[in-house]
Structures are given as C-alpha cells and as structure tokens.
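See below for the structure under consideration.
The values are calculated or read from the model by the stated rules, or taken from the named source; none is laboratory data. Everything numeric here is computed off the predicted structure, so don't read it as measured data. Please note: Cβ atoms are built from the backbone with ideal geometry, for glycine as well, and neighbour counts cover all protein chains shown.
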Amino acid sequence: MNTQSSQTAFNEAQALIPGGVNSPVRAFKSVGGTPLFIEKGEGGELVDIDGNHYIDYVQSWGPLIFGHADETIENAVIAAVKKGLSFGAPTLAETQLAKLVIDLIPSLEKIRFVSSGTEAVMSAIRLARGFTHRDDIIKFEGCYHGHSDSLLVQAGSGMATFGTPSSPGVPADFTKHTLLAKYNDIQSVKKCFEQSSDIACVIIEPIAGNMGLVPADKDFLAELRFLCDAHGTLLIFDEVMSGFRATLRGAEDITGTIPDLITMGKVIGGGMPVGAFGGKKEIMSQLSPEGPVYQAGTLSGNPVAMAAGLAAIGKLKENAILFPILQKRAERLLEGMKEAALQNGIALQTDVRGSMFGFFFNDKPVKDFDDALKSDTKRFAAFHAGMLEEGVYFACSQFETGFISTATTDEMIEKSILAAKKVMGRIK
Ligand SMILES: *Cc1c(COP(=O)(O)O)cnc(C)c1O
C-alpha cells in the first residue's frame, strides 16, 4: 500500500499545526505510523489522498450514521447554504430540530443547541451548578466529556477523592471540585457523597464509548439515580456519542434510568458541528435569557448545521427499523472477529449497542477503566496496522468505539471479517 502523499502531507502539516492535526486522537500516536489524509468519503468507505480505499468504521468518530456524503443530508445542507450561512437571529429550523429531538427522547422537555459536545457538557454542568447552588461534581474514570477545564481530571491519590488536573494549563483550583468515581461501582459513588455534601451533579456516559465500549450495568444506573435523588443531586447523561447511535430514544429507553439533563452531539448534527443539552423544563428555564445562568454562542443553532441535523434525525425517525438492522450487522462483524481471534488463540472481548461496537484484546470482561487498561495495546497496534493494509479503517486506539453506518454493507462486513482472519493469524 502506497501512502507517500499522506506522509508528505503529514510532514507539511506538522510544521504548521501542532502535531499535524487539529484534534489529537487523529494522530495515530498510540498505534504508531502516519495518519492518512483523506480525499473523500463514499458511503461506507474512505478514500485517502494516495487513492487507497478503506471500509470505514470510524465514521468521523460517530456522527455519520448514514455514511459519507449521504444524499438527503447533502441536499438539505446545499439548500440551506443557498439562503445564507448564518444570521445570528432565530430560524424555523432550530424549533423544528428541537421539536424532533424532544418528541423522540421522553425525558427531554427543553433543549438548547451549541456547536460542539465539549460546549454542551460544559454548559450543562454550569446549569446544574446554577440550579442546585452547589459547586462539586462527580465524574467517572474512563469517561470523556470534552476538554473543558473541570472535566480534564485524573484520579488523585485514590479513587473517590478530589481529582488532579490531567493536563498542564488546568489550575488545580478548577479541578478541586471534581470527584472521581469508578465506573459500574456504586460503592465508589457512595464514598464521593460521603466526601462532600455540595454535589451539584453526577455526569456519566450511560453507554461509555471513550474507554472502548463499556456499557453501564442497568442496576448500577438505577442505584445512581437513587443516590442522586437522596442527595438532591442532578444526574446528567452524556450522550454526545451514544445519542442516536445506540438507540433512537436515548439511553433511558434501554436502561430504564431517567436522567435530569442529557448532553448530545455527533449524530445530532449529521456531520456538521452541533451539540445540544436539554432536560426538565424547571432546570432548563434557569438558562439565560429566561433565567440567570449565562450561556451563549454566535453560531449556536446555525441554519446550515440545523439543516444537516434535521435531515439526519428526521431520516432516523422515519426508519426506526434501522437500529436493529445496524445492530445485527455490528454483531455479525464482532462475531466474525471473535471467531478469527479464537482460531488463533487470541482472547477478544466484544460488545455491541445499536450501531456502536467495541473490542478489547483482553482475556477478561471489561467493566471499568482499570479493566480496559489491562488490554494488550501492542497487539491492538499490530492489528490496526494489519487491518489498514487490508483496507479496513478502525479507530487508531484500543480505547475507542467503532461505528457501523447504514452505508456499511453486508459485503463490507464479510470482507472485514476475512481481513481480520488474515491479520489475527499474523499477530498471534
Ligand atoms: C465526543 C464526546 C464529547 C466531546 O464532543 P466534541 O464535539 O468533541 O467537543 C463529549 N462527551 C462524549 C461522551 C463524547 O463522546
């Protein structure tokens, strides 16, 4: 496989852009090698600037549930572009997308649109703090909620204590309000509530996708809800990744636990930069200009982005049958990969939620971040490189989730399984 053009492009980019990329996950750091520069996407495939084709299981890290260059979304965007890119005044599309999303997700009563998942989460946390008049928050190890200061936190001296910044540039003063708990471990959450009586909210990915795919246990979420209610603390589901990816009606639909606030992103923008947060009226009404909690955005609810979101979510709503179909395809892929691994004596843990899938080179089931970290990242790197050679594009880290799109055909799945059989044989 010739990737000379990508290598040259990467060298040029590195001279001008830190690390050559505008988001670090793209840099292939954890698997080695050079990131591929993309010329275009076609349905379930990517084409790089050297003309190589790949079956794409990244799908722009989640947003493209209908695959690349979907015609419905493309046409909606073009029609919107022709009317002007942005007005900084209300448009009908904002109310239409709000209504569509609120109708689909039962616990949502009001919603506000922003331009990224990071912004959605940051704003939801400010709102939770403003609503409860409390400062502390609980997050879980291994969950990612965007790159705002108080969420870039790692465990301090132990779990269930106030965290320390995980990046230079984040003052310890900003993270001292963030307590860290262990995913799927209710005792660690109880300990956090013992440490502080000032907890505004608990934020969780109910279907975690940023430590690899690790869904929360139903019982765990139910107990979390109970603890939050007992302490007057809000429960926030961060569904930036899982929203409209795992199910059509939110994680509440498959877990049975109802959050107070939900944050969204990725699929909701159909490939354009959109984030959103919403929840109960009494909480959302605290938001400026209705209430005192300030939040704003020059390009929030941008008409072109709303058009893409409306087209994508509208099409999902009309085709609710899509989710079981996508889930079946994902299950077939993982079943094939697992078989390929077993044939070569390689332990592989797999899981699927709707169009999201995950796999760990690990001999034990993965329930939390510590388990995930015990995975064989060297083997993953070899697998990743081998699959690229075979024309299959997986996320460049063991700790990411894979995505099936409606444009990922059964034929592509079978081709990927055959490739996995070859590659597993080479890396055993
Ligand atoms: C991607 C993601 C974010 C951040 O969204 P950006 O649009 O990258 O800022 C937040 N939370 C979760 C769960 C995510 O997967």
**Subset of the range 236-258 [in contact with a Ser or Thr (Cβ under 8 Å, 6 or more places away or on another chain) and away from the ligand (no atom under 13 Å from the Cβ)]** = GLY250, GLU252, ASP253, ILE254, ILE258
**Request:** Can you confirm whether the range 220-233 contains a residue that is touching a residue at least 40 places away in the same chain (Cβ under 8 Å) and among the hydrophobic types (A, V, I, L, M, F, W, C)?
**Result:** yes
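Matching residues to (1) within 16 Å of the ligand (Cβ to nearest atom); (2) at pLDDT 95 or above:
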{"position": "GLN7", "(1), (2)": "no, yes"}
{"position": "ASN11", "(1), (2)": "no, yes"}
{"position": "GLN14", "(1), (2)": "no, yes"}
{"position": "ARG26", "(1), (2)": "yes, no"}
{"position": "VAL31", "(1), (2)": "no, no"}
{"position": "GLY44", "(1), (2)": "no, yes"}
{"position": "TRP61", "(1), (2)": "yes, yes"}
{"position": "ALA80", "(1), (2)": "no, yes"}
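Do we have LEU108 as surrounded by fewer than 20 Cβ atoms within 10 Å (Cβ to Cβ) and either aliphatic (A, V, I, L, M) or within 16 Å of the ligand (Cβ to nearest atom) (or both) here? If you could, list the steps in order and put the result at the bottom.
Values: surrounded by fewer than 20 Cβ atoms within 10 Å (Cβ to Cβ): no; either aliphatic (A, V, I, L, M) or within 16 Å of the ligand (Cβ to nearest atom) (or both): yes.
Judged against the criteria, LEU108 is not a match.
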**Request:** Go through the range 77-105 residue by residue and tally those that are surrounded by fewer than 21 Cβ atoms within 10 Å (Cβ to Cβ) and either outside the structural domain of ILE262 (by TED's automatic domain parsing) or assigned to a loop (DSSP other than H, G, I, E, B) (or both).
**Result:** 10
**Prompt:** Since ALA230 meets every condition but one in (1) more than 16 Å from the ligand (Cβ to nearest atom); (2) small (Gly, Ala, Ser); (3) modelled with pLDDT under 95, which condition does it not meet?
**Reply:** (3)
**Selected residue (only one of PRO324, PRO289, PRO273 is farther than 20 Å from GLU71 by Cβ and either in contact with a His (Cβ under 7 Å, 6 or more places away or on another chain) or within 16 Å of the ligand (Cβ to nearest atom) (or both))** = PRO273
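Residue by residue, here is whether (1) at pLDDT below 95; (2) within 17 Å of LEU235 (Cβ to Cβ); (3) of a type in the set (A, V, I, L, M, F, W, C) holds:
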| residue | (1), (2), (3) |
| --- | --- |
| THR132 | no, yes, no |
| ILE137 | no, yes, yes |
| ASP149 | yes, no, no |
| GLY163 | yes, no, no |
| CYS192 | no, yes, yes |
| ASP198 | no, yes, no |
| PRO206 | no, yes, no |
**Prompt:** If you go through the range 182-192 one residue at a time, do you hit one that is surrounded by 17 or more Cβ atoms within 10 Å (Cβ to Cβ), of a type in the set (D, E, K, R) and in contact with a Ser or Thr (Cβ under 6 Å, 6 or more places away or on another chain)?
**Reply:** yes
**Request:** Could you check how many residues of the range 119-152 are more than 14 Å from ILE204 (Cβ to Cβ) and either of a type in the set (A, V, I, L, M, F, W, C) or away from the ligand (no atom under 13 Å from the Cβ) (or both)?
**Result:** 15
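Out of ALA330, ALA296, ALA311, I need the residue that is at pLDDT 95 or above, in the same structural domain as ILE254 (by TED's automatic domain parsing) and touching a Gly at 6+ places or on another chain (Cβ under 8 Å). Which one?
Values: ALA330 fails: in the same structural domain as ILE254 (by TED's automatic domain parsing); ALA296 fails: touching a Gly at 6+ places or on another chain (Cβ under 8 Å).
Only one candidate qualifies: ALA311.
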**Item:** Pairs, first in a strand (DSSP E or B) in the range 194-217, second among the polar types (S, T, N, Q) and more than 9 Å from the ligand (Cβ to nearest atom), C-beta under 8 Å, six or more apart
**Value:** ILE199/THR233; ALA200/THR132; ALA200/THR233; CYS201/THR132; CYS201/THR233; VAL202/THR233; VAL214/ASN184
**Prompt:** Would it be correct to say that CYS143 is at pLDDT 95 or above, in a strand (DSSP E or B) and closer than 29 Å to ALA246 by Cα?
**Reply:** no
**Prompt:** Counting only residues that are surrounded by 13 or more Cβ atoms within 10 Å (Cβ to Cβ), in a loop (DSSP other than H, G, I, E, B) and hydroxyl-bearing (Ser, Thr, Tyr), how many does the range 1-53 have?
**Reply:** 3
**Request:** Write out, first by first residue and then by second, each pair whose Cβ atoms fall under 7 Å of each other, whose residues are 6+ apart or on separate chains, and whose first residue, in the range 1-17, is within 22 Å of LEU388 (Cα to Cα) while the second is modelled with pLDDT under 95 and surrounded by 13 or more Cβ atoms within 10 Å (Cβ to Cβ).
**Result:** THR3/THR34; SER6/THR34; GLN7/THR34; PHE10/THR34
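Collect the residues in the range 348-372 that are more than 19 Å from LYS182 (Cβ to Cβ), in contact with a Phe, Trp or Tyr (Cβ under 8 Å, 6 or more places away or on another chain) and part of a loop (DSSP other than H, G, I, E, B), keeping them in residue-number order. Walk me through how you get there before you give the answer.
Taking the range 348-372 first, the residues more than 19 Å from LYS182 (Cβ to Cβ) are 348, 350, 352-357, 359, 361, 363.
So of that shortlist, the ones also in contact with a Phe, Trp or Tyr (Cβ under 8 Å, 6 or more places away or on another chain) come out as 348, 350, 354-357, 361.
If the condition is that a residue be more than 19 Å from LYS182 (Cβ to Cβ), in contact with a Phe, Trp or Tyr (Cβ under 8 Å, 6 or more places away or on another chain) and part of a loop (DSSP other than H, G, I, E, B), then LEU348, GLY354, SER355, PHE361 are the ones that fit.
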**Request:** Hey, can you tell me all the residues within the range 398-416 that are under 24 Å from PRO215 (Cα atoms) and in contact with a helix residue (DSSP H, G or I) (Cβ under 7 Å, 6 or more places away or on another chain)?
**Result:** GLN398, PHE399, PHE403, ILE404, SER405, THR406, THR408, ILE413
**Prompt:** Residues in the range 297-315: is at least one in contact with a Phe, Trp or Tyr (Cβ under 9 Å, 6 or more places away or on another chain), farther than 30 Å from ASP70 by Cβ and touching a residue at least 24 places away in the same chain (Cβ under 8 Å)?
**Reply:** no
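Residue by residue, here is whether (1) touching a Lys or Arg at 6+ places or on another chain (Cβ under 8 Å); (2) assigned to a helix (DSSP H, G or I); (3) not polar (S, T, N, Q) holds:
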position	(1), (2), (3)
THR298	no, no, no
GLY301	no, no, yes
ILE313	no, yes, yes
PHE323	no, yes, yes
LEU334	no, yes, yes
ALA385	no, yes, yes
